[in-house]
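Enquirer: The structure under discussion is supplied below as structure tokens; questions concerning it will follow.
The values are calculated or read from the model by the stated rules, or taken from the named source; none is laboratory data. The structure displayed is predicted, hence computed values, not measured ones. Cβ placement follows ideal geometry from the backbone for every residue including glycine, while neighbour counts extend to all protein chains displayed.
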Amino acid sequence: MGSEGRTADVVVVGGGVIGMSIAWRAAGRGMRVTLLERDRLGAGTSRVAAGMLGPVAEVEFGPAGRRLLDLGLRSAALWPGFAQELAERAGSEVGLRRTGTLLIARDADEAGELERQLDFRRALGLDVRRLSPSAARELEPALAPALRLALEVPDDHSVDPRPVLAALRRACERAGVLLREQAPAASVEHDGARVQGVRLQDGELLAAGTVVLAAGPWTASLSGLPPGTAVPVRPVKGQIMRLRDPAGPGLAERVLRFEGGYVVPRGDGRYVLGATVEERGLDLGPTAGGVYELLREARELLPGIAELEIEELTVGLRPGTPDNLPAVGPGALDGLIWATGHYRNGILMAPLTAELVLSLLQGGAGPADPLLELCDPARFGEAAAAGAPAAAGAAR
């Protein structure tokens, strides 16, 4: 679909879960929105994601971990309402499963680390429960007898990204968003102070008063920004498997997380097993070694997984920043907004990111605005200007 005769209030670059959530919310407030996607809507990182909504399970030591926890808890609280409204607007369910998460240890060393993690989470006031091996197997009978310890996180849930993406597309269409697929953006156009629009790789210029950059791992490919003002986003490769039980559901009900991976049930006899974390640039090739490691780790704790059929092996590129925290907020140019760098938390952070960006688009102060300080894109430019590295987040 072309854009002749229509000037957008907002151009959103990136058609994953973040970009579509922003476009849907903005159009719902009466803005004229054009959404640009380099490939097909929802065909990239968001489609590959496991869909864990696990801010408590994911929390890490250090200031960056605390900032991510604050953001994650807020967004997780938004997910039930977001899912309900999205289902109503799109006319389809989105696969939200509120079954909780188990963190599992298989030997003494891992059990000791889980005890440390339990103390850490309790000190933060988070709801985490220590389970004996027998209590964990009562909840999930398919767990291995060699299990040493488990932590139950009752409020960490999951959602299936694929029906979410399909619903977001329908919601965007019904809200009047102009969807442009196979329309890779090449550069941000501006007059030195304010954005003027986005130029596509074929030379077409789309004029807009505001440009939202939500291109995930492809953000760095955009040109035209003033020197030193771009958010440094790198791709982090993740191999992930989708398995199916011909006998139907029942192997596991909860999200299972363990050293080296996770298993996410879909509720229909399908399971997601993931994921590797590899710094390999834009490489999208699956490897035998990656598959072997995933299956080996999972089988030790969930032996029945070896009997499942391999339905799909996929590779995604997570958008990471130097501190692995998202960059959401105004850019160096008037009318430029960043919404990228969500790393492993794009699905979790979609409702909150859309809310934060919408507050900027509307130009008013709101209760969500203080959270923008936690993911301010300017933190990278400031660190570089001072000659210091950006705050380091723990490797995952």
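Enquirer: When you go through L333, L313, L361 one by one, which is the residue that is of a type outside the set (D, E, K, R), over 24 Å from A87 (Cα atoms) and not assigned by TED's automatic domain parsing to the domain that holds P161? Working first, answer last.
Expert: Numbers: L333 fails: not assigned by TED's automatic domain parsing to the domain that holds P161; L361 fails: not assigned by TED's automatic domain parsing to the domain that holds P161.
Result: L313 is the single residue among L333, L313, L361 that is of a type outside the set (D, E, K, R), over 24 Å from A87 (Cα atoms) and not assigned by TED's automatic domain parsing to the domain that holds P161.
Enquirer: Would you mind finding the one in E309, E278 that is at pLDDT 95 or above and over 22 Å from the mean Cα position of the chain (by Cα)?
Expert: Values: E278 fails: over 22 Å from the mean Cα position of the chain (by Cα).
Unique residue meeting the criteria: E309.
Enquirer: While we're here: Restricting to region 199-209, name every residue that is in contact (Cβ under 8 Å) with a residue 40 or more places away in the chain and assigned to a strand (DSSP E or B).
Expert: Step one: list which residues in region 199-209 are in contact (Cβ under 8 Å) with a residue 40 or more places away in the chain, which gives 200, 204, 206-209.
Hits for region 199-209 are L200, L206, A207, A208, G209.
Enquirer: Here's another thing I want to ask about it. Tally time: how many residues in region 273-309 are assigned to a loop (DSSP other than H, G, I, E, B), aliphatic (A, V, I, L, M) and under 22 Å from R244 (Cβ atoms)? Can you show your working first?
Expert: Pass one, region 273-309, residues assigned to a loop (DSSP other than H, G, I, E, B): 275-277, 279-287, 302, 308.
Right, trim to aliphatic (A, V, I, L, M) and you get 275, 277, 282, 284, 302, 308.
Narrowing the set further to residues that are under 22 Å from R244 (Cβ atoms) leaves 275, 302, 308.
Total meeting the criteria: 3.
Enquirer: Consider only pairs whose beta carbons are under 7 Å apart and that are at least six residues apart or on different chains; among these, list those whose first residue lies in region 225-238 and is at positive phi and whose second residue is surrounded by fewer than 18 Cβ atoms within 10 Å (Cβ to Cβ).
Expert: Going by the 7 Å Cβ cut-off, the qualifying pairs are G228/A384.
Enquirer: May I pose another question? Are any of the residues in region 96-105 closer than 17 Å to P351 by Cβ, in contact with a helix residue (DSSP H, G or I) (Cβ under 8 Å, 6 or more places away or on another chain), among the β-branched types (V, I, T) and touching a residue at least 40 places away in the same chain (Cβ under 8 Å)?
Expert: For region 96-105, residues closer than 17 Å to P351 by Cβ, in contact with a helix residue (DSSP H, G or I) (Cβ under 8 Å, 6 or more places away or on another chain), among the β-branched types (V, I, T) and touching a residue at least 40 places away in the same chain (Cβ under 8 Å): absent.
Enquirer: Same structure, new question: With respect to P145, determine if the residue is assigned by TED's automatic domain parsing to the domain that holds R254, under 24 Å from V56 (Cα atoms) and more than 26 Å from the chain's Cα centre (by Cα).
Expert: Answer is no for this residue.
Enquirer: Find the residue count for region 163-190, including only residues that are within 18 Å of R47 (Cβ to Cβ), in contact with a Phe, Trp or Tyr (Cβ under 9 Å, 6 or more places away or on another chain) and part of a loop (DSSP other than H, G, I, E, B).
Expert: Here the count works out to 1.
Enquirer: Name every residue in region 210-230 that is assigned to a loop (DSSP other than H, G, I, E, B) and surrounded by fewer than 18 Cβ atoms within 10 Å (Cβ to Cβ), in order of residue number.
Expert: Across region 210-230, the qualifying residues are G224, P226, P227, G228, T229.
Enquirer: Moving on. Name the residues in region 291-304 that are in contact with a Lys or Arg (Cβ under 6 Å, 6 or more places away or on another chain) and either surrounded by 20 or more Cβ atoms within 10 Å (Cβ to Cβ) or aromatic (F, W, Y) (or both), would you?
Expert: The first filter runs over region 291-304 and keeps only residues in contact with a Lys or Arg (Cβ under 6 Å, 6 or more places away or on another chain), leaving 300-301.
Listed by number, the list holds a single entry, L301.
Enquirer: Considering each of A83, A111, A76, A105 in turn, give the residue that is under 22 Å from E173 (Cα atoms) and not acidic (D, E). Spell out the reasoning first.
Expert: Details: A111 fails: under 22 Å from E173 (Cα atoms); A76 fails: under 22 Å from E173 (Cα atoms); A105 fails: under 22 Å from E173 (Cα atoms).
Matching residue, one of A83, A111, A76, A105: A83.
Enquirer: Which of the residues that make up region 15-28 are more than 15 Å from A166 (Cα to Cα) and of a type in the set (G, A, S)?
Expert: A26, A27, G28
Enquirer: On to the next question. Can you tell me which of R199, R234 is at pLDDT 95 or above, of a type outside the set (S, T, Y), touching an Asp or Glu at 6+ places or on another chain (Cβ under 8 Å) and closer than 30 Å to E297 by Cβ? It would help to see each step written out before you state the result.
Expert: Values: R199 fails: closer than 30 Å to E297 by Cβ.
From the options R199, R234, the qualifying one is R234.
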